1. Can you confirm whether residue 295 is of a type in the set (Asp, Glu) and under 23 Å from residue 10 (Cβ atoms)?
2. Can you pull out the residues in the stretch 216-230 that are in contact with a helix residue (DSSP H, G or I) (Cβ under 9 Å, 6 or more places away or on another chain) and not aliphatic (A, V, I, L, M)?
3. Could you identify the single residue in 178, 195 that is more than 10 Å from the ligand (Cβ to nearest atom) and under 27 Å from residue 86 (Cα atoms)?
4. Restricting the search to the stretch 311-333, which residues are assigned to a helix (DSSP H, G or I) and among the aromatic types (Phe, Trp, Tyr)?
5. Kindly provide the set of residues from the stretch 1-16 that are modelled with pLDDT of 95 or more and more than 15 Å from residue 258 (Cα to Cα), ordered by number.
6. If you take the residues in the stretch 129-160 that are small (Gly, Ala, Ser) and more than 10 Å from the ligand (Cβ to nearest atom), which one is nearest to the chain's Cα centre (by Cα)?
7. From the list 139, 165, exactly one residue is under 24 Å from residue 267 (Cβ atoms) and part of a loop (DSSP other than H, G, I, E, B). Which is it?
8. Answer yes or no: is there a residue in the stretch 229-240 that is at pLDDT 95 or above, out of contact with any Pro (no Cβ under 7 Å at 6 or more places or on another chain) and within 24 Å of residue 41 (Cβ to Cβ).
Amino acid sequence: MTKTSFTLQATDGLARTGRIDTPRGTIRTPAFMPVGTAATVKAMMPESVAATGADILLGNTYHLMLRPTAERIDRLGGLHRFMNWDKPILTDSGGFQVMSLADLRKLTEKGVTFKSHIDGSKHELTPERSMDIQRLLGSDIVMCFDECPALPADRDRIAESMRLSMRWAQRSRDAFGDRPGYMLFGIQQGGLEEDLRAESAEALRAIGFDGYAVGGLAVGEGQEAMFGCLEYAPGQLPEDKPRYLMGVGKPDDIVGAVKRGIDMMDCVLPSRSGRTGQAWTRRGQVNIKNARHQDDPRPLDEDCTCPACRNYSRAYLHHVFRAQEMISGMLLTWHNLHYYQELMQGMREAIAAGQFAAFEADFHALRAEGDI
Ligand SMILES: C=CCOC(=O)Nc1nc2cc3[nH]c(NC)nc3cc2c(=O)[nH]1
């Protein structure tokens, strides 16, 4: 099967469940993508990531172009072979990270020049170069090269940035070419301005993409403003293509985004917070480094079937975090990614059964505030 396709299987209100079929495998939606920044989901073996239920993971163009370089990964057989992950991979275009991580950035109509945060070497990212890098990596879902304006920004700045991103979307499409079996996603911009988001959606639709991302969010606007934008932005995008919300989020952000029509998300939160001792459970958050866990024989979450909850006590997890043992980040990252995938599976089943409202009510009812 060399083609790719998106099939909607059920809807419940604005929430949808479906599947994205690619030659490397099927992605069940709504989907959560663990972040594998430097060709690894930190503290996890790839087979462990697969065991959590992840159908796809995310790679970062900015990091991989600097080290070990896309050319080297290509020579070694591509990113899937390199990191021993044979399911789908989505790579970002580098646009967002170059603006947040690189030094001495210079942005022009052509693209962005910058100095590596690793060794100070000079680099350039353009729509054309980003498409080339993502092709060399072999990623199954390629993202347009875009600019994500830092908020707060005034309306003129937001409009100007969005229109640049739309010109870059056309250049990305042209440079991507015709690649059966690979998908190119456009990225909607426009800040929190409904009319600018509509203009962006129309520009992307006219170019034509395999999927559409809602960009420019989860950049400090807060959940209320983000949900306000998600009341209209997903609906401005083609209904028969996947909708991807980048950088989201906490479990309640994810439930709220799926409720408003989002099909795919990615976030470093479950893995990053796992390494710092922050566990996410259906009853809320557990900061395992808190002294009150040091004699607690119970698992993190009685109902969780992950290896951390099946085989270890809170007391043990507390100990290995206090002792800064490597197993600490491994176990909590595994738990958090397992919990996130369980959340996605629960929503897929609830939407298919027309029970999303009940699922959402249970989700909120079970969660206590604060540390549990
Ligand atoms: C990441 C996949 C593909 O995205 C791109 O290639 N460009 C892009 N990335 C973003 C990443 C974000 N993370 C957050 N919060 C943590 N907000 C984000 C917004 C964007 C965005 O507007 N564009």
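The values are calculated or read from the model by the stated rules, or taken from the named source; none is laboratory data. Everything numeric here is computed off the predicted structure, so don't read it as measured data. Because the Cβ atoms are built from the backbone with ideal geometry, glycine has one as well, and the counts that use them run over all protein chains shown.
1. Answer is no for this residue.
2. Scanning the stretch 216-230 gives 216, 221, 223, 227, 229.
3. 178
4. 316, 321
5. 4, 5, 6, 7
6. 139
7. Going through 139, 165 in turn, just one is under 24 Å from residue 267 (Cβ atoms) and part of a loop (DSSP other than H, G, I, E, B): 139.
8. no
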